[in-house]
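In what follows, a structure is listed as structure tokens, so that the remarks can point back to it.
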Amino acid sequence: MKKLNCFTRSSSVATIVAVGAIFALGSGAAQAQTLKFANQGDALSMDPHSLNESFQLAFTGNVYEPLIGRGKKLEVVPLLATDWKQTAPTVWRFNLRKGVMFHDGTPFTADDVIFSYNRGKGEGSDVKTYVGQIKEIRKLDDHTIDIITTEPFPILPDVITNWYIMSKSWSEANKATQPVDKRKGTENTASFQANGTGPYRLRSRDPNIRTTLQRNARYWGKIEGNVQDVIFTPIGNSSTRVAALLSGEVDMMEPVPVQDIARISADKNLKVMQAPELRTIFLGMDQSRNELLSSSVKGKNPFKDKRVRQAFYQAIDVNAIQKVVMRGASAPTGLMIAPGINGFQPDMNKRLPFDVEASKKLLAEAGYPQGFEVGMNCPNDRYVNDEEICKAVAAMLAKTGVKVNLTAETKGSYFPKILSRNTSFYLLGWTPGSYDSHNPLFALMATPGEGGQGQFNLGSYSNAKIDSLTKSIATETDIKKRTSMIAEAMKMHQDDVGHIPLHQQALAWAMKRNVDLVQLADNYMFIKWVSIKQP
């Protein structure tokens, strides 16, 4: 395996992972157990290409697998590929694992990889950013492929860890050759059924009620934990979720409401795992339309004016949000990336000062001395205290004369709306799947274009210089030059107020004391590492 030292995981990521992980998995050989766990929202589909949302990818990542995955320290590890190397600047050769079976018993081959590539880049796919740099995949034999990138792309192994491989024959037989398109509300068999190669197989699916998994007896790899069956229940109400843990109805739940962390920690039968998360929570604004979808301003778009974007930024007191809404469980940020992401530079992590009077002045200069009305979209079951954050932002902006008409809704309706760019002002969170700055630059900040570029730049912010730098960052192998280009692009985005970064939220998982698992800084939970000790 060829390694590029300039892209090895930074010490800060290692520290985060060390803080957030429990490795007491010695009970793997113990009696098999059933794991019952809850989250505030459901995985919206079993289709691994339908939604690039971390909980859905984390859940389906127990059923499906990528060529390259992540280990307990977020390092890249071989999964469906045993090894890989560059044979030319734009060519990566992958040797595929032999003897792997999909859950229906069909063998895994190169044809499945090529099919999954075409599906992942196709119409309706939400994972285009993971395969956008790939030009084609050539089959050398059933277990050898060459991945050809459009240009040299040294971080390819880091980027494709969330691109899951599906069975070509199963997808064709079940009319699921195209991804479920959440933007259009389309469904197919892959949304409710699954056929992966992973350590757990889908047993039943009842959306928004319960999903069950069962251990894959023919799994090619080692399952370190002792979980045989999995029962997952989405519980949106925080109090009900906590009550389910306290009563023993579930063995594990997340996120823990920040106000309940101390109470759960004090229970001798329970424990709470807390650690920094690599997710950045931010606000986006429609900077594309000539008139906003939901605003009192007619005939023009206030967000096209940097002064308005800056006024919104400086009206938001992130320290108050940290103290009151998040109860200390967040780290205010001035960047769209978290500490631990490759390219993060602490000296750049500075926010514009909170200043209501400065905001009022900027709005007046832009032609809105009395403010204006604008609609805001927010999820209420995706991030930690997401609706409360949006309510706080609305209250703060009201002091400048801006009236925010907030629509808070479940992510099942929220994501299709904002992913279709049917929004004027929104809240979103982002964890770079590659743990590298190129990912948010390419997916969030670059002008929407081909191959997944700007796919999640939902306000269509655009700066041609950032687009050019993002392209250069993708191919640069000199770490000093690359870091400098990342800093330059991030500074441009800050100066433009392309988005409004708020904070990195903290992870908080709660579980029974007899549950041992690994908590990763990307908020993924792999059940193959979970063990439940006998009382």
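The values are calculated or read from the model by the stated rules, or taken from the named source; none is laboratory data. These figures come from a predicted structure and were not determined experimentally. All Cβ positions, glycine included, derive from the backbone under ideal geometry; neighbour counts span all protein chains shown. SASA here: full protein model, heavy atoms, side chains in, ligands and nucleic acids out. Shrake-Rupley method; radii C 1.70, N 1.55, O 1.52, S 1.80 Å.
Worth a mention:
- The distance from the alpha carbon centre of region 352-396 to that of region 269-287 is 20 Å, rounded to a whole number.
- Label-point separation in nm, Q370 to S484, each point 7 Å along Cα→Cβ: 5.2 nm
- Here the dipole of the chain is about 420 debye; that uses its Cα centre as origin and unit charges on the Cβ of Lys and Arg (positive) and Asp and Glu (negative).
- Extents of region 392-499, taken as max minus min of Cα coordinates on every principal axis and listed largest first, are 47, 31, 23 Å.
- Solvent-accessible surface (1.4 angstrom probe) belonging to H493, in square angstrom, nearest 10: 10 Å²
- Paramagnetic reach from I114 in region 69-106 [backbone N under 12 Å; point 7 Å along Cα→Cβ]: none
- Efficiency of FRET from Cβ geometry, K361 and N422, R₀ 35 Å, rounded to 0.05: 0.65
- Fully extending the segment from K73 to K98, taken as 0.36 nm per residue of separation minus the present Cα-Cα distance, adds 6.4 nm.
- Listed by chain and number, the lysines whose C-alpha is less than 25 Å from the C-alpha of K350, apart from same-chain residues fewer than 8 away, are K304, K306, K323, K360, K361, K391, K399, K465, K480, K481, K491.
- Between region 482-535 and region 231-254, the Cα center-to-center distance that results, in Å: 21 Å
- Mean projected area (nm²) of the alpha-carbon convex hull when the chain is viewed from all directions: 22.7 nm²
- Put simply, the C-alpha atoms of region 74-113 give a gyration tensor, and the ellipsoid matching it has half-axes of 23, 13, 7 Å, longest first.
- Region 221-264 - Kirkwood radius from inverse mean 1/r over Cα pairs (Å): 12.0 Å
- Once the Cα atoms are used to define both axes, helix 238-247 deviates from the longest principal axis of the chain by about 30 degrees.
- Angle in degrees between helix 110-120 and the longest Cα principal axis of the chain, rounded to the nearest 10: 20 degrees
- Label-point gap, in nm, between Q193 and T177 - each point 7 angstrom along Cα→Cβ: 1.7 nm
- At the listed q of 0.10, 0.20 Å⁻¹, the Debye profile of region 439-535, built from one uniform point per Cα, gives log10 I(q)/I(0) equal to -0.45, -0.96.
- Helix 464-475 and the longest principal axis of the Cα set of the chain meet at an angle near 20°.
- Ratio of Rg to Rh over region 155-297 (Cα coordinates, Kirkwood Rh, two decimals): 1.04
- If the chain linking S265 and K222 were pulled fully straight, counting 0.36 nm for each residue of separation and taking away their Cα-Cα distance, it would gain 12.3 nm.
- A straight chain from T407 to R513 at 0.36 nm per residue would run longer than the Cα-Cα distance by 34.3 nm.
- Estimated distance in nm for a label pair at K184 and N237, the labels positioned 7 Å out from Cα along Cα-to-Cβ: 3.8 nm
- Classified by the C-alpha gyration tensor, region 77-180 has an oblate form. Its axis ratio a/c, with a ≥ b ≥ c, is 1.5 or above, and a/b does not exceed b/c.
- Taking the helices alone, the chain has a mean residue ellipticity at 222 nm of -7000 deg cm²/dmol, built from -39,500 (n - 2.57) per DSSP H run of at least 4 residues and averaged over all its residues.
- Ligands, DNA and RNA are left out, and with a 1.4 angstrom probe the accessible area of region 478-535 is 32 Å² per residue.
- Accessible area (Å², per residue) of region 95-149, counting only protein heavy atoms and a probe of 1.4 Å: 37 Å²
- Across region 486-535, Cα-Cα distances exceeding 16 Å account for 62% of all pairs.
- Rounded percent of accessible protein surface that carbon and sulfur make up, the chain, 1.4 Å probe: 49 percent
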